[in-house]
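The values are calculated or read from the model by the stated rules, or taken from the named source; none is laboratory data. Owing to the predicted nature of the structure, the values given are computational and were not obtained by experimental measurement. Cβ placement follows ideal geometry from the backbone for every residue including glycine, while neighbour counts extend to all protein chains displayed. Side chains are part of the model used for accessible areas, which takes the heavy atoms of the whole protein and leaves out ligands, DNA and RNA. Shrake-Rupley method; radii C 1.70, N 1.55, O 1.52, S 1.80 Å.
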Amino acid sequence: MPQMSLHFSMTPQQSAALHQLLWAQQDRRSPQYHRFLSPEQYAARFGLAEADIAKVTRWLGNHGFSNLHVARSRKWVSFSGTAGQVESAFRTAIHQYSLRGELRIANTGDPQLPKALQGVVESVGGLNNFRMRPHALRLHPLYTAGTSHYVTPDDWETIYDVKPLYGRGLDGSGVSIAVVGQSDIQLSDIRAFRSAAGLPANDPTIIVPPGDQDPGIQTASGDETEADVDVEWAGAIAPNANVVFITASDTSGNGVTDAISYAIDNDVAPILSISYGSCEADNSATTVQTLNNLFQQANAEGMTILAASGDTGAAECDSGVQEYNASHGLAVQFPASSPYVTAIGGTELAAYGSGYWDSTNNGSNGSALSYIPEVVWNDGFQSASGGGASKLIPKPDWQTGAGVPADNARDVPDLAFTASPSVSGLLFCGHNWCSNGFLNSTSYLDVVGGTSVGPPPFAGVLALIVQSEGTGTGLGNINPNLYSLAQISGNAFHDVTYGTNDQACQLSTPDCVQGSLGYTAGAGYDQATGWGSVDASNFAEQWFGDIQLTATPTTFTIQPGSSATATVAVAPQNGFTGTVSFACSAADNLVDVTCSVSPSTVDTAGDVTVTISAANTAQTPGGKWFAMGRPSGGWVLVGLTALILVLLIFVLLGFGSRNALKRYYICVCSLASLAVVATVSISCGGASSASTTSSGYGPTAIPVTLSCSLPPNATQGAGFYGTCTASGGTGAITFSISAGTLPAGLTLDPTTGVISGTATAMGTSSFTVMAMDSGSPPQSATYSVTNLTVLPMDLSISCTIPNPLIIGDVHNGGCTTIGGTPPMAFSVSAGALPPGVVLDSATG
């Protein structure tokens, strides 16, 4: 058994802190926005303490395990051994099983851990080699010009509007995309595909994780086909990106799971494409938790994870069964259902007329002329877009919007792209296939479909967005921003509103209603195609905010018969250049209240003055709702209990070398009621002004508030994690210790306010944390901590002793400890050792 692993749990404090960090990394108002961690930084905050790692590895060594490797994140340790060693150490038998004609191994019961490791080890991986399934569905149609259309990279770029991004100098240069698999590939196939598609030469980087076995070429299982499709199409849309293919054997190890672990622990790329998965019910709770923890680490490092949603419609647990009707009920696939993963479903191109396809191919073998309308991909039983509600994972906070079910469950997919192999499938070059462009020697094409053909090209789109950001750090979990953008954009998504992912089912089986089960597409989000597909150009342009608005003052007073003014400052972000236009109006139900703004436009950056005037006859608003038009189409109904002013910001963007396009942000500037005190609060595109209640007519200092959440005690030799959070202020806030000292081994991050480390000495400390802004004069706040005590770690011991002992043979056993305060002294406290056996008092 060459590749097993122990995965470590987090403390409740670490889990809460990680959740907070992941949100802050996606919140543009946070100083931690897109400040991603390295694996070592992740280890310092969320990994197991070094001392505990040493004890775990010593325990493994005492049981005869070899090839020990500690993850950079200190979240897991991998090791090798035999089935006999596993049975002895974990007290569970390893048996062989035959599943669908394949010989597999698995443990017969849950692994047992010594008391010293309980609560530290979350799960034991690698005790079985049941495989995740690929999702590439392959056809070999005979090519007949003029009668069929198949999708090449050039077609995909046209259909999903990628080409304008190339015109802006984006090609994926400097960005890596990780692809995982469990088969080798032939570089000749990748080169043939890129040549046929008119792409520049760009070989992938191929990695077999240390300790894993090279899987070889796996044609019978479909793994080589999946690998070829994923590598070829991941590099097709971002032609100069570096595709890193990580592959491992699944016959004696964990295949794709090992590849995923390696990619995340080594922060291989900012984008990870996964075309594998299995029914949620086929994964144990510990497996799901362990992988979710890995995916959280990936997000914290800035990695975006994409996964196929499955090819069995709404009945994922019926995938691969030898029957013609579903019988296992509604089910979705993991890891697509993970909240830290973006799930990609499938659509089908629904228009075939000459208005969508040219009669001849261009130099890149493309013929699509424009976006082609899409419906839900559904070619029948076990050949439809996977989707539905998770039975394991609750609704994430970010999963909201029109059409999202109120089912308290993580719903999939999030997006969908063309996936039907039988209707305009994607071309690729499989094992020694392409000898004449995309054709083989007998003029057949290699055509593929399934939801696995969605993640790789969309990974290419994200690579272009990462390149446009210019930092190379990645985007992290894109789902929060994805769902926010879907609710406000009128042209970044192609809403798929027709079709179902229904599957035929056996009557009287779970969820079967009149012989079918599944979900229907509709306006907005649906459980067959998510938000639909994307218009890549509009999607990329609208991904990052481009202006920040700040109002000064944030509070002023309006008396009947008087007026008041506020200055709104426009500051460009992310290289924005263009014109910002302002319009201002009072709500219809306000009598004798007027609003004006001057000047009406700002070129890239500058200030405008908003003036609100109330006549002597002005009345307090009695209405509760105000309907506001949105230029991009539709209406937004804004509910404010006392709306006095609505400020609409219409932004016409020009991006230098990028093509200009119109984008509309709707910013609301509201003045609270009572006709006396009015608070101005402006937000736009994710960037917002301070919304304090300080008053005055000129620039006003904004107070800083500070609070800290720390464990009541620290433990010597164990990881410690606490957070100090500041709000208000002007500009960046820095944290420092203004009085006293932290316990030895702990440090305060001056940027994030995180107090972390490993306490090295027992004792009691008192200290004061200070948060200070960058305003002039600076504002600050303090938080005092008294008597933070470092306690000794509880001491526990476990021993491995051969049984029985044979007279005349040499025997070696051992005892290891976790906790306590070194050095340790071992002794026999009761009974006696057998004659000839001694206990080393220093080493155990």
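Among residues of region 305-332 being among the polar types (S, T, N, Q) and modelled with pLDDT under 95, the one that is least open to solvent (accessible area, probe 1.4 Å) is Thr312. Note on region 784-817: among residues that are under 30 Å from Leu710 (Cβ atoms) and small (Gly, Ala, Ser), the one that is modelled with the highest pLDDT is Ser784.
Looking at Val412, Val341 in this structure, which one is aliphatic (A, V, I, L, M), surrounded by 19 or more Cβ atoms within 10 Å (Cβ to Cβ) and over 22 Å from Cys512 (Cβ atoms)? From the options Val412, Val341, the qualifying one is Val341. Of note, Pro239 satisfies the criterion of being in contact (Cβ under 8 Å) with a residue 60 or more places away in the chain and part of a loop (DSSP other than H, G, I, E, B). For the residues Thr741, Thr730, Thr725, the requirement of being out of contact with any strand residue (DSSP E or B) (no Cβ under 7 Å at 6 or more places or on another chain) and either open to solvent by less than 20 Å² (accessible area, probe 1.4 Å) or at negative phi (or both) singles out Thr730.
Within region 34-47, residues that are closer than 14 Å to Gln296 by Cβ have Cβ atoms under 8 Å from residues that are open to solvent by 30 Å² or more (accessible area, probe 1.4 Å) and hydroxyl-bearing (Ser, Thr, Tyr) in these pairs: Phe36/Thr473, counting only partners at least 6 apart in sequence or on another chain.
Each row is one residue, and each column tells you yes or no for (1) surrounded by 24 or more Cβ atoms within 10 Å (Cβ to Cβ); (2) in a loop (DSSP other than H, G, I, E, B).
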{"residue": "Ser195", "(1), (2)": "no, no"}
{"residue": "Gly198", "(1), (2)": "no, yes"}
{"residue": "Pro210", "(1), (2)": "no, yes"}
{"residue": "Gln213", "(1), (2)": "no, yes"}
{"residue": "Gly216", "(1), (2)": "no, yes"}
{"residue": "Ser221", "(1), (2)": "no, yes"}
{"residue": "Val229", "(1), (2)": "yes, no"}
{"residue": "Trp233", "(1), (2)": "yes, no"}
{"residue": "Asp250", "(1), (2)": "yes, yes"}
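Quick one: would you say Leu833 is of a type in the set (A, V, I, L, M, F, W, C), exposed (fewer than 14 other Cβ atoms within 10 Å of the Cβ) and modelled with pLDDT under 85? Criteria not met by Leu833.
Residues checked against (1) more than 11 Å from Ala192 (Cβ to Cβ); (2) assigned to a strand (DSSP E or B); (3) open to solvent by less than 10 Å² (accessible area, probe 1.4 Å); (4) of a type in the set (Asp, Glu):
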{"residue": "Gly403", "(1), (2), (3), (4)": "yes, no, no, no"}
{"residue": "Phe417", "(1), (2), (3), (4)": "yes, yes, yes, no"}
{"residue": "Gly430", "(1), (2), (3), (4)": "no, no, yes, no"}
{"residue": "Trp433", "(1), (2), (3), (4)": "no, no, no, no"}
{"residue": "Ser441", "(1), (2), (3), (4)": "yes, no, no, no"}
{"residue": "Val448", "(1), (2), (3), (4)": "yes, yes, yes, no"}
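Considering only residues in region 115-166 that are closer than 30 Å to His95 by Cα, assigned to a strand (DSSP E or B) and not acidic (Asp, Glu), the one that is modelled with the lowest pLDDT turns out to be Arg133.
When Thr473 is tested against (1) buried (at least 20 other Cβ atoms within 10 Å of the Cβ); (2) touching a Phe, Trp or Tyr at 6+ places or on another chain (Cβ under 6 Å), just one condition goes unmet, and that condition is (1).
Being more than 20 Å from the chain's Cα centre (by Cα) and of a type in the set (Asp, Glu) holds for only one residue in Asp282, Asp267, and it is Asp282. Among the residues of region 532-556, which ones are of a type in the set (Ser, Thr, Tyr) and modelled with pLDDT under 90? Result: Thr550, Thr552, Thr554, Thr555. Checked against the criterion of being open to solvent by less than 10 Å² (accessible area, probe 1.4 Å) and assigned to a loop (DSSP other than H, G, I, E, B), the candidates Gly277, Gly302 yield just one match: Gly302.
Could you list, in sequence order, the residues of region 433-489 that are farther than 30 Å from Ser337 by Cβ and aliphatic (A, V, I, L, M)? Matches in region 433-489: Leu439, Leu445. Only one of the numbered conditions (1) surrounded by fewer than 21 Cβ atoms within 10 Å (Cβ to Cβ); (2) in a loop (DSSP other than H, G, I, E, B); (3) out of contact with any helix residue (DSSP H, G or I) (no Cβ under 8 Å at 6 or more places or on another chain) is violated by Val496, and that is (1).
Residues that are open to solvent by 50 Å² or more (accessible area, probe 1.4 Å) and among the hydrophobic types (A, V, I, L, M, F, W, C) number at least 2 in the following strands (runs of 3 or more DSSP E) confined to region 1-108: 66-70.
Across region 368-377, a minimum of one residue is classified as crowded, with 22+ Cβ neighbours inside 10 Å, part of a strand (DSSP E or B) and over 30 Å from the mean Cα position of the chain (by Cα). Here Thr758 qualifies as within 37 Å of the chain's Cα centre (by Cα), of a type outside the set (Gly, Ala, Ser), within 30 Å of Ala89 (Cα to Cα) and crowded, with 17+ Cβ neighbours inside 10 Å. For region 310-337, the candidate set comprises residues that are under 15 Å from the mean Cα position of the chain (by Cα) and assigned to a loop (DSSP other than H, G, I, E, B); within that set, the residue that is farthest from Thr11 (Cα to Cα) is Ala336.
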